[in-house]
Every structure is written in C-alpha cells, then in structure tokens.
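The values are calculated or read from the model by the stated rules, or taken from the named source; none is laboratory data. On a predicted model such as this, the values are computed, not experimentally measured, just so you know. Backbone-built Cβ (ideal geometry, glycine too); neighbour counts: all protein chains shown.
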Amino acid sequence: MFLKYMRPVLIYLILSFGFSFSTQVQAHGGLSLADDMCKLTIGPFTMHFTGYQPDSSQEKEFCEDIPVTGRTVVALDYIDEALRPLPTEVRVIKDTGSEENLDSITIIHMPAKVYSNGSINFEHNFDAPGKFVGLVTTGENQEHVSRFPFSVGEGKSSMPSGLVFAMLGAIGLGAFVLFKVGRKPKDGPAT
C-alpha cells in the first residue's frame, strides 16, 4: 500500500530534479549562454562576451551579472567577420528605468568606430552595487542595437531557483502523501 502512494512521489522527484538541472533558457536581453560561450546578439550579428574581475576572482569568467563590485574587464570579440568594417559603439548606463537623458546616466561610453581587429576591450571600476544596462550598437547608421540589463554586486543564491521550487514541491507532495497514507480509516458505526 505504501509503495502504491510513493511511486508518484518518486516520479515527481525525478522529473523535478531533472527539470531544475536542465539547460536554462532565460531571456537576458541580447546576451545568452550557448555552447559554454556567452554570445551577444546584435541584429543579425553575434559577438563573444567575456567579463573578468582580476582582483577578486582571478581568471574566472562571467557572462551576465557581475559578481562583486571592483575592477572589471570586459572583452567583446566579433564572431561574425561582417562586423569588422562596421562602426560599433559601446555604452554602459545606470538602469534608472528611463533613457531620456542618456548622457547623465552613462558611466562608460566608447563612441562608434571601426574595430578592424574584431575585438573591443574596456575596464571599469564599479564602486557600488546596482543595476545597469549595456548598450552595443553597430551598423553604418547604428541600426543594430543590443540592450542587456545586468547587476553588479547583488549576489545571488548559489542554489538554482528551479531546484528550490522542486525541493519545496517535493516536500509538500511527500507530506501530503504521508498524511494520506498515515491516516487510519475511521471505524464504521458499530452494529
């Protein structure tokens, strides 16, 4: 009888943990992780995005959010050769919710120019945690734009959120099943 109720719980646990560890596809602006490489999509083009914090995490790379405040080095390498003759502009702004007065919220600005070597590098010291937006534009008329939000120094849980929800669901389902199985049937009326 007990196994009859535990089989669905075990199947649920296996599926929950499997889904929580599967490859996550999360919209993070134009930035995505594919084949263990951070790709920045700008219209029909792609760049390889790599960030480092040499003072705090040595050679460990990051792709989206910046783990801690401090000196940060970013490298954008062209994947598409067609980008080499096109002017490219890079800008990092504070995420205020409005981009009306772009100059007042800009913390990094690299004016549009041609990077014939196919690589754009910059360094910035993020001295306070916060939310920011990276803007990379390219094309003869700056017609292709990639806009990707990111945070700096706003640590995240080391446990994936899918795993947390799967564990909570499994505990809840397990408690429900044990409650149902553990309950003794009430005796009927005496005759």
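As an exercise: evaluate Gly97 against (1) at pLDDT 95 or above; (2) at positive phi and give the number of the one condition it does not meet.
In the conditions (1) at pLDDT 95 or above; (2) at positive phi, Gly97 misses (1) alone.
Determine, yes or no, whether Glu100 is touching a residue at least 24 places away in the same chain (Cβ under 8 Å) and in a loop (DSSP other than H, G, I, E, B).
no
Give the residues of segment 53-70 that are touching a Phe, Trp or Tyr at 6+ places or on another chain (Cβ under 8 Å) and among the charged types (D, E, K, R), sorted by residue number.
Glu59, Lys60, Glu61, Glu64, Asp65
Identify, please: which residue in segment 59-97 is under 14 Å from Lys131 (Cβ atoms) and touching a residue at least 40 places away in the same chain (Cβ under 8 Å) and is, among those, surrounded by the fewest Cβ atoms within 10 Å (Cβ to Cβ)?
Asp95
In segment 51-68, is there at least one residue being at positive phi and either assigned to a strand (DSSP E or B) or at pLDDT 90 or above (or both)? First the steps, then the outcome.
Kept after step one, since they are at positive phi, are these residues of segment 51-68: 58.
Filter once more, so that each one left must be either assigned to a strand (DSSP E or B) or at pLDDT 90 or above (or both): none.
No, that holds for no residue.
Of the residues Gly162, Gly153, Gly134, Gly139, only one is among the small types (Gly, Ala, Ser), out of contact with any Leu (no Cβ under 9 Å at 6 or more places or on another chain), closer than 30 Å to Phe62 by Cβ and modelled with pLDDT of 65 or more; which?
Gly153
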